[in-house]
1. Just the residues that are among the aromatic types (Phe, Trp, Tyr) and farther than 15 Å from LYS15 by Cβ, please, taken from region 29-59.
2. Residues of region 47-80 being among the charged types (D, E, K, R), within 13 Å of the chain's Cα centre (by Cα) and part of a loop (DSSP other than H, G, I, E, B), which ones?
3. Quickly run through region 10-32 and pick out the residues that are surrounded by 12 or more Cβ atoms within 10 Å (Cβ to Cβ) and not in a helix (DSSP H, G or I).
4. Tell me which residues, restricted to region 54-74, are over 19 Å from ASP5 (Cα atoms) and among the hydrophobic types (A, V, I, L, M, F, W, C).
5. Return yes when VAL23 is of a type outside the set (S, T, N, Q), touching a helix residue (DSSP H, G or I) at 6+ places or on another chain (Cβ under 9 Å) and within 18 Å of ASP5 (Cα to Cα) and no when it is not.
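Nothing in this text is a laboratory measurement; each read-out follows from the coordinates by a stated rule. All values derive from a computational prediction rather than experimental measurement. Neighbour counts run over all protein chains shown; Cβ positions are idealised from the backbone, glycine included.
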Amino acid sequence: MLVNDCIKEFGNALKDRLDPEIVDYAIDYINHSESILAFETLCDHIADFDVKISSEEYQKILKIVKLLDLKLDSRYLYINPNK
């Protein structure tokens with residue numbers, strides 16, 4: 001699965017806990033070749049709106065971090081549901 005598809009799937013799964021318009025706006029960054037910004041925005045919204053995610057969803061976050069070759073920093077560690 002391509003990283004953009006992973007980000008879209010992850011974002012769409014949040015629509016029952018985040019305003020769907022906010023999710024769609026973040027995902028739309030992908031259409032402008034801004035995959036990292038789309039993913040970071042989704043993660044920031046999880047933190048900002050105190051969205052509860054599952055361990056499985058967090059594993060998807062870690063996978064996307066790796067696919068995008070990002071540094072595993074506080075942006076991602078903060079939303080770990082197992083902390």
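1. TYR29, PHE39, TYR58
2. Within region 47-80, LYS52 is the sole residue that qualifies.
3. Listed by number, the residues that qualify are LEU14, LYS15, ARG17, LEU18, ASP19.
4. Answer for region 54-74, where residues must be over 19 Å from ASP5 (Cα atoms) and among the hydrophobic types (A, V, I, L, M, F, W, C): just LEU72.
5. yes
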